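Notes follow the structure.
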Amino acid sequence: GFEEYDAPVLESEQLYTRKAGEEVTQQLYSFRDKGDRPVALRPEMTPSLARMVMAKGKGLVLPVKWFSIPQCWRYERMTRGRRREHYQWNMDIWGVAGVEAEAELIS
């Protein structure tokens with residue numbers, strides 16, 4: 001079975017720029033918090049998930065099977081099927097070599 005996980009809706013802007021470069025800031029709802037730190041509403045869950053896994057490090061018992069349906073935001077032109085606020089369904093398996101994890105996710 002899969003365990004549900006969640007992450008903060010507000011993350012450091014750097015979490016997203018490290019993955020996608022500075023140009024991603026044009027697609028973020030971002031601002032400076034009261035501590036003058038650049039922060040952003042999460043546009044997707046993958047960077048938050050990677051941060052959580054790295055933070056747990058070797059203390060994480062593998063394989064990990066997690067799922068989430070987080071609320072996300074992107075500052076971009078709305079089109080059919082793509083809104084500024086959306087939910088994203090995630091299913092992730094960490095710690096399985098080979099295609100077995102992908103096969104499990106697809107089934």
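Each value in this text was obtained by applying a stated rule to the coordinates, not by laboratory testing. None of these values were measured; they are calculated from a predicted model. Note: ideal-geometry Cβ built from the backbone for every residue, glycine included; neighbour counts use all protein chains shown.
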So, over other residues within a Cβ distance under 14 Å of residue 63, counting Lys, Arg +1 and Asp, Glu -1, the net charge is -3
Residue by residue, what Karplus-based ³J(HN,Hα) values in Hz, rounded to whole numbers, does region 50-60 have, using 6.51, -1.76 and 1.60 with θ = phi - 60° and x for Gly and Pro?
4, 4, 5, 5, 5, 5, 6, x, 6, x, 8
Based on the mean of other beta carbon atoms within 10 Å per residue, what is the order of 40-48, 67-75, 84-92, most packed first?
40-48, 67-75, 84-92
At q = 0.14, 0.16, 0.19, 0.22 Å⁻¹, what base-10 log of I(q)/I(0) does the Debye formula yield for the chain when every alpha carbon is treated as an equal point scatterer in vacuo?
-0.65, -0.82, -1.05, -1.22
Restricting to DSSP H runs of at least four residues, report the calculated mean residue ellipticity at 222 nm for the chain, -39500 (n - 2.57) per run over all residues, nearest 500 deg cm²/dmol.
-7000 deg cm²/dmol
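Just subtract the alpha-carbon distance of residue 60 and residue 5 from 0.36 nm times their residue separation and send over the number in nm, one decimal.
Full-extension gain reported as 18.4 nm.
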Stretchable slack from residue 89 to residue 31, in nm (0.36 nm times residue separation minus alpha-carbon distance)
18.3 nm
How charged is the neighbourhood of residue 83? Take every other residue with its Cβ under 10 Å from the Cβ of residue 83, and add Lys/Arg as +1 and Asp/Glu as -1.
+2
Cα-projected label distance for residue 76 with residue 100, points at 7 Å along beta-carbon direction, nm
3.6
